[in-house]
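The structure appears below as structure tokens.
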Amino acid sequence: MKVVLSWLKEFVDIDLNLEELARTLTMAGLEVEEIQLVGLPMPPAERHEFHYSGLTWEPDKIVVARIDEVMPHPNADRLVLCRLHDGQQEHIVLTGAPNLFEYKGKGPLPQPLKVAYAKEGARIYDGHQPGQVLTTLKRAKIRGVESYSMVCSEKELGISEEHEGIIILDPDAPTGMPLVEYMGDAVLDVSILPSMARCASILGVAREVAALTGKPLRLPRATLPATGESILGKASIQITEPEYNPRFVLGLIRNVRIQPSPYRVQLRLRLAGMRPINNIVDATNYVMLEIGEPLHAFDYQALVRRAQGNPPTIITRRARPGETLTTLDGVERKLDDFTVLVCDTAGALSIAGVMGGAETEVTEQTTDVLLEGASWNFINIRKTVAAQKLNSEAAYRFSRGVHPALAPEGVKLGLERMALWSGGEIAADLIDAYPVPHKDPQVDLTAAEIRRALGIPLSLDEAENLLSRLGFTCQIEGDVLHVQTPPHRLDIGEGLVGKADLIEEIARLYGFDRIPARRLADPLPSLQEDPNLAPTDKVRDALVRLGLQEVITYRMTTPEREHRLYLDDAPERNAPYLTLANPISLDRSVMRRSLLASVMEIAERNTRLRERLALFEIGPVFLPVEGQPRPDEDWRVALVLTGTRQPPAWDRKEATPMDFYDFKGILEGLLEALHIPDVTFRAAQTSTFHPGKCAEALSGDRVLGVFGELHPKVKEHFDFGPAPVLAGDFSLKALLESMPVAYEVGAVPAFPPVLEDLAVVVDESIPAARVEEVLRQGGGKLLTAVRLFDIYRGEQIGAGKKSLAYRLTYQALDRTLTDKDATSIRQRIIRRLEQELGAKIRG
Amino acid sequence: MDELQELERIRQEGLERLAEANDAASLEAWRVAYLGRNAPVMQVFSRLGQAPRELRPQIGQSANAVKQALEAAYQEKLEAVRRAALEEELTRQKLDVTLPGRRPFLGRYHIETQTMREILRIFTSMGFQVYSSPDIETDEYNFTYLNIPPHHPARDMWDTFYLTTPGLLLRTHTSPGQIHAMRQFAPEPVRVVLPGMCYRYEQAGARKDIQFTQVELLAVGYDITFADLKGTLQDFADRIFGERLRTRLRPSYFPFTEPSAEMDVECVICHGKGCSVCKGSGWLEIMGCGMVHPVVLQHGGYDPAKFTGFAAGMGPGRIAMLRHAIQDIRSLYENDVRFLEQF
């Protein structure tokens, strides 16, 4: 909301400079986002906390001047020469302003025009360039006439974008007065919190300023300076649903003359961000900006015509099924059954609180104006605004709540302004339909309650003082403070909520900075931390220790993006997704089902940036479950490896790419770091991996996940280089469930081991794990380590065979093993290998 | 007396020859020649029996002295030669120490994880327990239970992604976790910190993204006041920014807290002098906070007449941005390795 400083000062005296005022408002919850200078200088301050825009008018260079005569230019039709007096001397000033042409060649003006005059050397904005470009007025010859100064448009002075004509000030502007002194101003752009909707007006902000600075508030006097006949009998009101329309007030003014408002009024409207229309519409907007009550002006005679010459009846009701209305913006609108309409006996006139209809609006021909001030259910207005995608200054306020007490105030002030600016006669009395009067909550508060929430021992007297500054009526009775909410606020609740609302107001006015800081003194509750947190961190730590880079990716994707991870006919492509009803872009339409797909995208994007990538993420995937309201959020661990096995170095010429076993080694490292027991691997088939280079990892019977090299067909879906891409997708839950809380460790042996090498020739089809299993069974407890150090295939051992060479460690904890012991273990092992695997021992 | 002269000659000759031996091989040859079994001094010993009896002690002593002298000289020379050889060897092995080292691959945590851990460590050390809740929420948990009924103007504060399943949405903040935690712990006091991913239906830009992590605090108990909120957040700010920066609480509005405030911290870059990061204000907004609204306490299962509480929420992404001068928040989830590897 744009708060015009001069307007604010009509309601409260302000000693603070702009910077201090902005800080005071900000620290009271009215955050000032920007300050626009309209002529005024920057306030003196060591450092400006706020952002300033706009133009400062130099007092000696930009002044109010008087045009006494507008004369034709000798060489140009589109230019005129003004005989102008700046209070000190007369000048001839050249201008092309079209709004002076009507005075051209009329001789000395009977009523001189007052204008904003910039002298030589003045700094103003260039009126002919887009945006705001500063320029300094210099002496020049235009079409043979010397020019060194100018009469200014609003654009040139930084007031608005208007630069078609020059500013014509009100006739009472004092010639020679520095313009900044006459109408210099500033506009504070204040962000209004939903809880402070009452501040969406100049008066609302003034009330806060008064409360914060202790200055008295000058309330606008809402009288009805009636000069005409009573409105009673000239119109009537029918409210059909008081719940939606608690109050409806009508006033009447007759014999108005539609014309532009005084310049100062137009200026204020512009500075507040509204467009001046005419004196009647401007009066409604002026009052809305001033006190926060939106008004609507009907052409009274148009209503009478619609009622066949009878006094019109204004009816408020909900829209009927299928009903439509063409609003002022020319759009025909289909109305919902919750839309409330203002109607007459002939039909709908406007969407209540949001926008008027075309037929009864005020026009150049209007003479009599029926003025509406109403109050509406804010939730209903909000729904209407959302459904119609229609907003207005009125709807902005009504959808946040406008107190019903403001309706008659607004109508009275509106009529008064109309009379002032259009010269009409105000009809006596108002018609005021108020079927369900609003009850302003009364809340009881104790010092103990204040202390309980804020931690400060505030006396009831102090609380009373703070609240009454905001307009609350307070009464202390024993140890209770009875607080009556003033009739302009809708944000104070009843009971417990009301107490909290008041305590907030007390704290806000007392100052958050004055409340002391304390370390939590309440007893510590029992500890029940998320049991998955620490073990999940262990998984993450282990992966980082293994040299992987963690990534965190977007959890929204598209099915098409994820499907790249699968072969074309894979069943995964038919899995259901959790779908966004309102995706913000086409490439983020569902919640992901695959964490690996997310990490794979990141690997793809980085693949040309590094020789080696080793990435992982721990995060959820979202799986819809039939018959279950919420989806499963299944946490996964996904890894992707590709590129060179070793880091590049200046003396290392070869760069071997990582393969399946590099991935498996990292996985083994991870499982070892997590102390996961009984780990085995078995070949697996999936829709993602190479059928011969894919395995499942298990702990006991529990599958931990699957990994392998990307299927060449799947790899084609991505933009990867020639190196194999290794990947794995593991269940975090399975990993965590397999991690022991405690595990046993063995003693460090005191006796030397016996080391022995054994080359075992077996059929190619026998997996290495099986050979090792038999080795261990044969070796028993004394065989403490088995390490495969070579695999050989060749003619010497025959086709279809492989030779696996193992380094075996025999070790006893209680003695040094003898050669005899070693031989006997070896023989047991060999016997077992021969029997179970048909193995032969080489060498 | 001949033998004594002979010994003196042997000594002199030995030492002269030794001086000429300057490598391991010639030294070894010298050792064999002058201290070996057939060395002249050894021959003096073996001839000792032939010398006149009264001279034997003197010859024996002299021979011993010469042998010892030669041995000592040999040891000394041996050491010197070895030292020289070593020195030569070391000189030969001299490296260009400015050549780059061979680096192992360094694993790294994502910056958001690093920041999140730091935040959680601070709060857990204050007795807040980590509590997790789902990304997919119901309208009730995300809004209604937090005192944001349907069609309430406050709903404008959260642009929301809805799912095609009616009533489900992507949580816009971690606050629904407050309700989950309260309902789990009530009527016992609760002190939790809630981390998690949140989503907003917004046009992504340099300062906001459609997805971001949040950390939220909730303390509900018998004697928890605004003063405790201030103390807790001040302690946090001191620890996360590592120095005593000024902070301030500015009144604000959240439907689930009352009073509500924004916490500003003195700009970490310019220390309040005004710079581009704080847009000249000298302050950075780092979190929203306030006293838990009585309606929220009720929805959580607490009697607001007996219990009070505070809540606060912040974005680790934003804190990371401030501390590392990250220009665009979207870099966090774009995961360009050139960005990630800087942390």
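The values are calculated or read from the model by the stated rules, or taken from the named source; none is laboratory data. Quantities reported herein were computed from a predicted structural model and do not represent experimental measurements. Cβ: placed from backbone, ideal geometry, glycine included. Neighbour counts: every protein chain shown. Surface accessibility is based on the protein's heavy atoms, side chains included, excluding ligands, DNA and RNA. Shrake-Rupley method; radii C 1.70, N 1.55, O 1.52, S 1.80 Å.
Observations
- When the strands (runs of 3 or more DSSP E) confined to the range A:220-318 are screened for residues that are within 29 Å of residue A:185 (Cβ to Cβ), those reaching at least 3 such residues are found at A:295-299.
- Some residue of the range A:201-216 being assigned by TED's automatic domain parsing to the domain that holds residue A:95, more than 20 Å from residue A:394 (Cβ to Cβ), open to solvent by less than 10 Å² (accessible area, probe 1.4 Å) and among the β-branched types (Val, Ile, Thr): no
- Among the residues making up the range B:2-24, those that are open to solvent by 90 Å² or more (accessible area, probe 1.4 Å) and either in contact with a Gly (Cβ under 8 Å, 6 or more places away or on another chain) or within 19 Å of residue B:84 (Cα to Cα) (or both) are B:17, B:20, B:22.
- Of the residues contained in the range A:334-356, none is found to be of a type in the set (Phe, Trp, Tyr) and under 28 Å from residue A:223 (Cα atoms).
- Filter result for residue A:513 (closer than 30 Å to residue B:184 by Cα and either modelled with pLDDT of 95 or more or at the interface with chain B (Cβ under 7 Å from one of its Cβ atoms) (or both)): no
- Taking the range A:48-149 as the region of interest, the strands (runs of 3 or more DSSP E) fully inside it that hold 1 or more residues being farther than 30 Å from residue A:18 by Cβ and open to solvent by 50 Å² or more (accessible area, probe 1.4 Å) are A:62-72, A:80-85, A:90-95, A:140-142, A:145-147.
- Of the residues making up the range A:546-575, those that are within 14 Å of chain B (Cβ to nearest Cβ) and more than 31 Å from the chain's Cα centre (by Cα) are A:546, A:547, A:548, A:549.
- Just one of the listed residues (B:257, B:213, B:232) is within 30 Å of residue A:553 (Cβ to Cβ), buried (at least 22 other Cβ atoms within 10 Å of the Cβ) and assigned by TED's automatic domain parsing to the domain that holds residue B:147, and it is B:213.
- Qualifying residue in the range A:181-190 (condition: exposed (fewer than 15 other Cβ atoms within 10 Å of the Cβ), in a loop (DSSP other than H, G, I, E, B) and away from every other protein chain (no Cβ under 14 Å)): no
- Residue A:524 closer than 24 Å to residue A:613 by Cα, open to solvent by 10 Å² or more (accessible area, probe 1.4 Å) and part of a loop (DSSP other than H, G, I, E, B): no
- Scope the range B:310-341; condition within 13 Å of chain A (Cβ to nearest Cβ), over 23 Å from the mean Cα position of the chain (by Cα), touching a residue at least 24 places away in the same chain (Cβ under 8 Å) and over 30 Å from residue B:300 (Cα atoms); matching residues: B:329, B:330
- Count of the range B:89-143 residues, restricted to those that are more than 30 Å from residue A:652 (Cα to Cα), small (Gly, Ala, Ser), more than 8 Å from every other protein chain (Cβ to nearest Cβ) and in a loop (DSSP other than H, G, I, E, B), is 1.
Let's see how each residue does on (1) aliphatic (A, V, I, L, M); (2) within 30 Å of residue A:496 (Cβ to Cβ):
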| position | (1), (2) |
| --- | --- |
| A:400 | no, yes |
| A:408 | no, no |
| A:413 | yes, no |
| A:417 | no, no |
| A:422 | no, no |
| A:427 | yes, no |
| A:448 | yes, yes |
| A:452 | no, yes |
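- Flag for residue B:173 being at negative phi and part of a loop (DSSP other than H, G, I, E, B): yes
- Failed item in (1) closer than 27 Å to residue A:553 by Cα; (2) open to solvent by 30 Å² or more (accessible area, probe 1.4 Å); (3) polar (S, T, N, Q), with residue B:184 passing the rest: (1)
- Every residue from the range A:564-598 that is free of Cβ contacts under 8 Å to residues at least 60 places away in the same chain, surrounded by 17 or more Cβ atoms within 10 Å (Cβ to Cβ) and farther than 18 Å from residue B:170 by Cα: A:597, A:598
- Matching residues in the range A:114-137 - criterion: being basic (Lys, Arg) and over 43 Å from the mean Cα position of the chain (by Cα): A:114, A:119
- Summed over the range A:371-401, the residues that are open to solvent by 50 Å² or more (accessible area, probe 1.4 Å) and in a loop (DSSP other than H, G, I, E, B) give a count of 3.
- Yes/no for residue B:277 being in contact with a Phe, Trp or Tyr (Cβ under 6 Å, 6 or more places away or on another chain) and either at the interface with chain A (Cβ under 9 Å from one of its Cβ atoms) or of a type in the set (A, V, I, L, M, F, W, C) (or both): no
- Looking across the range A:447-487 at every residue that is part of a loop (DSSP other than H, G, I, E, B), open to solvent by 30 Å² or more (accessible area, probe 1.4 Å) and away from chain B (no Cβ under 12 Å), the one that is nearest to residue A:197 (Cα to Cα) is identified as A:487.
- Of the residues making up the range B:260-271, those that are open to solvent by less than 10 Å² (accessible area, probe 1.4 Å) and either touching a Lys or Arg at 6+ places or on another chain (Cβ under 9 Å) or in a loop (DSSP other than H, G, I, E, B) (or both) are B:261, B:263, B:264, B:265, B:267.
- Candidate set from the range A:494-508 (those that are touching a residue at least 24 places away in the same chain (Cβ under 8 Å) and open to solvent by 20 Å² or more (accessible area, probe 1.4 Å)); member that is farthest from the other protein chains (Cβ to nearest Cβ): A:494
- Subset of the range A:680-693 [part of a strand (DSSP E or B) and either assigned by TED's automatic domain parsing to the domain that holds residue A:787 or surrounded by fewer than 21 Cβ atoms within 10 Å (Cβ to Cβ) (or both)]: A:680, A:681, A:682, A:683, A:690, A:691, A:692, A:693
- Selected residue [in the same structural domain as residue A:644 (by TED's automatic domain parsing) and not β-branched (Val, Ile, Thr)] from A:749, A:767, A:677: A:677
- Residues located in the range B:151-167, provided they are open to solvent by less than 50 Å² (accessible area, probe 1.4 Å), within 18 Å of residue A:631 (Cα to Cα) and facing another protein chain (nearest Cβ under 7 Å): B:161, B:163
- Looking only at residues of the range A:414-431 that are charged (D, E, K, R) and out of contact with any Phe, Trp or Tyr (no Cβ under 8 Å at 6 or more places or on another chain), we find that the one that is surrounded by the most Cβ atoms within 10 Å (Cβ to Cβ) is A:416.
- Every residue from the range A:22-47 that is β-branched (Val, Ile, Thr) and either crowded, with 21+ Cβ neighbours inside 10 Å or within 24 Å of the chain's Cα centre (by Cα) (or both): A:26, A:32, A:35, A:38
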